[in-house]
Structures are given as structure tokens and as C-alpha cells.
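Structure record follows, encoded as C-alpha cells.
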């Protein structure tokens, strides 16, 4: 089994762990950077021991906004723009890159590189019997993809099957991702009832229908606001609401899918499936 290690998570945890806030001045101070390197190596050793293998590939995201998602949605990760980064984050990045020969993602995220590699190693599909690869991370977004996963903080190895992975993804299309600044389909939207429907679905067709109908229902609740906004922007009135909201739901779904889907092959752009 080849371990596909999310080194972005390791990097941030190690760099943050050596910083502390001075109680008197309120300023951030750091321990020597080699302490972070020690933390990295300790986390990697624990992963190897727990999973009983040293066959691993490491993945990092290139520094800066090298990600196609920013072109789709300029506010992607916009909630992080004022967030302070650890002093030695770049040093730790470079250490992992050279020490572990980490692959550095360009024009996408390390997460995309990981899932692409995950699918390459499982060309005939996923099953519990085939332990070809295991994604090592604490990022819940990977649960949108089948196969073996290892949460190295909780030290939990688990398997996600095909239909559960799709359920996770379709629910996220509605719930969004606060970490990446992808909002819920509506502020205050509660996912319990829809989540129950999604968890009972047995096919992707059922999941797609549930999500599209939910988006249409939410936008219909916002109908007056949408009509007023369109009238103010274009001077046009909506004459056929059913057709308009269907197109609106489709466009909304497509954008959400392209922002939230982790790629399974190079340059992939998620599209609404024809089922």
C-alpha cells in the first residue's frame, strides 16, 4: 500500500507548533526552526509505524495563488487573506519538499494531486480487498472519494465506499466549505432533512435530483430578491420562473462542483453528470 500524504497539513501543524504568544507583549515568538523539522519527522515516523509501511509519496501546494479555482471564484479562500501565517512556514515547506521529495502542485492544490494519484493507483476501482493506496490527512474533503483513508491525528484507518463518497460530495455541494469560503446555498440553511434524504440515496441519479431540487427550492424562497436584483441590473423581468430557476440551479451547481470537487485526472473540470 502506498501512502499519499497531505504534507500541507503536516507543514502547518509543525510550523504552528513552534510558535507562542508572549503574554507580556502580545507578540508572536518562535522556537528554533529545527524544532519544526523534528515535529515533521516525528509525525511521519508515527504514520509509518501505525500503517506498517514506509512506501509513501508526499504532496505540497505551491506557495501563492496558483489554483484554477481563483479564476472561477475570486473569493475562494477569501476568508484567509488576513490570517497570520507562521514565521517559518516557508522554511518548513522547503524542508519537506527536499527531505521527502514532495510533489508540489501548480495551478491546483496538493489535494488534487493526491486524488489524481489515488485514482491512478486504483485503475479498476476501489475495494477493501485492494490496498493499493491510502490517503493520509485530516481533511474531510478527501471523504468525497472512495478508498482507504488514514486520519493521523486520531490514528484512525477507515474505508469509504463508492456510494458513501458520492453522498458526502453531494451533501457538500449544498453545505459548502467554510474553510475555503464556499458558502452554504443559503445563509441559515439547515441540512438535517436533506442530509437524511442523501444518506438514503442508492444511486448518483437520486443524489443529483435531491441536490437540484433543494437548490431550486432555496432560490424560490429568494424569488423576490432575485427578481428585484435582475430588474435593477438589466431592466428585465422574469417571465418564466420555472425555466429561470432551473437554469439558475444548474449554473449554481456547476460552479459549486468545480470549486469543491478534487480532481481524479489531470486538468479535470467537474461537470453535471448526464444520468
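Only the coordinates and a few stated rules stand behind these numbers; no lab work does. From a predicted model like this one, the values you see are computed outputs, not experimental measurements. No Cβ is skipped: glycine too gets one built from the backbone with ideal geometry, and neighbour counts run over all protein chains shown.
For the peptides 62-73, 157-168, the ranking by mean Cβ contacts within 10 Å, running from highest to lowest, is 157-168, 62-73.
A straight chain from residue 107 to residue 255 at 0.36 nm per residue would run longer than the Cα-Cα distance by 51.5 nm. Taking Cα atoms only, the orientation of helix 33-51 departs from the longest principal axis of the chain by about 80 degrees.
Under the simplified labelling scheme, the residue 62-residue 234 pair shows an inter-label distance of 3.7 nm, with each label point 7 Å from Cα along Cα→Cβ. Normalising the Debye intensity of the range 104-177 to I(0), with uniform scatterers on Cα atoms only, and taking log10 at q = 0.16, 0.25, 0.26 Å⁻¹ returns -0.59, -1.28, -1.33.
For the chain, what is the mean residue ellipticity at 222 nm derived from helices alone (per DSSP H run of n ≥ 4: -39500 (n - 2.57); sum divided by total residues; nearest 500 deg cm²/dmol)? Calculated mean residue ellipticity at 222 nm is -15000 deg cm²/dmol. For residue 46 and residue 192, a Förster radius of 30 Å and the Cβ-Cβ distance give a FRET efficiency of 0.25, rounded to the nearest 0.05. The fewest-to-most ranking of 117, 223 by surrounding Cβ atoms within 10 Å reads 223, 117. The Cα center of the range 12-58 and the Cα center of the range 205-228 differ in position by 44 Å. Once both labels are positioned 7 Å from their Cα atoms along Cα-to-Cβ, the gap between residue 87 and residue 244 label points is 5.7 nm.
If N is the number of residues in the chain, what value comes out of its Cα radius of gyration divided by 2.2 N^0.38 Å?
Values: Rg = 21.3 Å, N = 275, 2.2 N^0.38 = 18.6 Å.
Relative to the 2.2 N^0.38 Å estimate, the chain comes out at 1.14.
Taking the longest Cα principal axis of the chain as reference, the axis of helix 162-175 is set at about 70 degrees.
The length gained by stretching the chain between residue 80 and residue 213 to full extension, at 0.36 nm per residue less their Cα-Cα distance, is 44.7 nm. Here the spin labels are modelled as points 7 Å beyond Cα on the Cα-Cβ line, and at residue 70 and residue 179 they lie 2.0 nm apart. What the Cβ-Cβ distance of residue 28 and residue 153 gives, at R0 = 25 Å and to the nearest 0.05, is a FRET efficiency of 0.60.
Computed from Cα positions, the angle between helix 223-234 and the longest principal axis of the chain comes to roughly 90 degrees.
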